[in-house]
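One structure is given below, encoded as structure tokens.
The values are calculated or read from the model by the stated rules, or taken from the named source; none is laboratory data. Quick caveat: nothing in here was measured; it's all calculated off a predicted structure. Note: ideal-geometry Cβ built from the backbone for every residue, glycine included; neighbour counts use all protein chains shown. Just so you know, the surface numbers come from the protein's heavy atoms only, side chains and all, with ligands and any DNA or RNA stripped out. Shrake-Rupley method; radii C 1.70, N 1.55, O 1.52, S 1.80 Å.
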Amino acid sequence: MLKGRAFKFGDNISTDHIIPGKYAHLRSDLPELAKHVMEDADPTFANKVKPGDFIIAGKNFGLGSSREHAALVIKIAGVSAILVKSVARIFFRNAINQGLPVLICDTNKIDAGDEIEVNLATGVVTDLTNRGQLTFGKIPKVMLDILDEGGLVPYITKHGNFEL
């Protein structure tokens, strides 16, 4: 069970919003890069986010370049999952590979600052602030296993292969 606060963003959050290009020189220092995560969308985000919190956004989250470290710095900043109306395909894959859940659901009823709880196994999001519930599609078992291990590399290191 994941639990934290909601940080809300709009549509079309690109990898440039997630990792501003002016910090590209920090790509080999991801903890330092994570101090600037989402800075072009909300300059206060990196200072306010706490372990377990969620990014809530609209359509087409993660569009742009295929920087896999975009998902990784979100995870390093402490975000436990991203809830969106839709996500760019490459970002989705990068996030799962890095052990960061991206959940597709109708995020309109979640407000900034709401306390939410996510059950990855049942596909239910509970907004503890407004007592609402949302659902997202059932996550395939292999994907849940990858997320449980912290990403694809830890999964392969532990299991050596996939059981599909």
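Each of PHE9, THR129, THR44 was scored by the projection of its Cα onto the charge dipole of the chain, and the greatest displacement toward the positive side belongs to PHE9; charges sit on the C-beta of Lys, Arg, Asp and Glu. Which residues' amide hydrogens lie under 5 Å from the amide hydrogen of ASP11, considering only partners 5 or more residues apart or on another chain, with H built in the peptide plane? Those lying under 5 Å, H to H, from ASP11 are GLY58, LYS59. For LYS109, the aspartates and glutamates whose Cα falls under 12 Å of its own Cα, not counting residues fewer than eight places away in the same chain, are ASP127.
In terms of distances greater than 30 angstrom between alpha carbons, the cross-link table entries LYS59/LYS158; LYS75/LYS158; LYS8/LYS158; LYS48/LYS141 yield LYS59/LYS158; LYS8/LYS158; LYS48/LYS141. The range 99-145 and the range 5-21 have their alpha-carbon centroids 18 Å apart.
Do any GluC sites (Glu not before Pro) in the range 56-164 lie in a DSSP loop with no more than 10 other beta carbon atoms within 10 Å, and if so, which? Please report the intermediate quantities before stating the final value.
Details: sites: GLU68, GLU115, GLU117, GLU149, GLU163; in loops: GLU163.
Counting only loop positions with at most 10 other Cβ atoms within 10 Å, the GluC sites (Glu not before Pro) in the range 56-164 are GLU163.
Computed with the Debye formula from one identical point scatterer per Cα of the range 17-164, without solvent, the log10 of I(q)/I(0) at q = 0.13, 0.19 Å⁻¹ comes to -0.58, -1.22. Ignoring any ligand, DNA or RNA, what whole percent of the accessible area of the chain comes from carbon and sulfur when the probe is 1.4 angstrom? Ligands and nucleic acids excluded, carbon and sulfur reach 51 percent.
Electrostatic tally near ASP11: other residues with Cβ closer than 15 Å to its Cβ, Lys and Arg +1, Asp and Glu -1, net -1. Phi angles of the range 39-48 translate, via the Karplus equation with coefficients 6.51, -1.76, 1.60 and θ = phi - 60°, into HN-Hα couplings of 4, 6, 9, 8, x, 9, 4, 4, 7, 9 Hz per residue; Gly and Pro are given as x. Could you tally the net charge around LEU134, taking each other residue with its Cβ under 10 Å from the Cβ of LEU134, Lys/Arg +1 and Asp/Glu -1? In short, -1. Over the range 94-144, accessible surface divided per residue gives 49 Å², non-protein components excluded, 1.4 Å probe.
Please give, to one decimal in nm, the separation of the simple spin-label points placed at GLN133 and ASP11, each 7 Å out from Cα toward the Cβ. About 3.0 nm, to one decimal. As a calculated quantity, the FRET efficiency between THR122 and VAL142 at R0 = 22 Å, using C-beta atoms, amounts to about 0.80.
What's the magnitude of the charge dipole for the range 35-164 around its Cα centre, counting Lys and Arg as +1 and Asp and Glu as -1 at the beta-carbon? Answer in Debye, nearest 20. Write down the numbers at each step before the final one.
Values: 14 positive and 15 negative charges, 57 e Å.
Approximately 280 debye in magnitude.
Here the sum of -39500 (n - 2.57) over DSSP H runs of 4 or more residues, divided by the residues of the chain, equals -7000 deg cm²/dmol at 222 nm, to the nearest 500.
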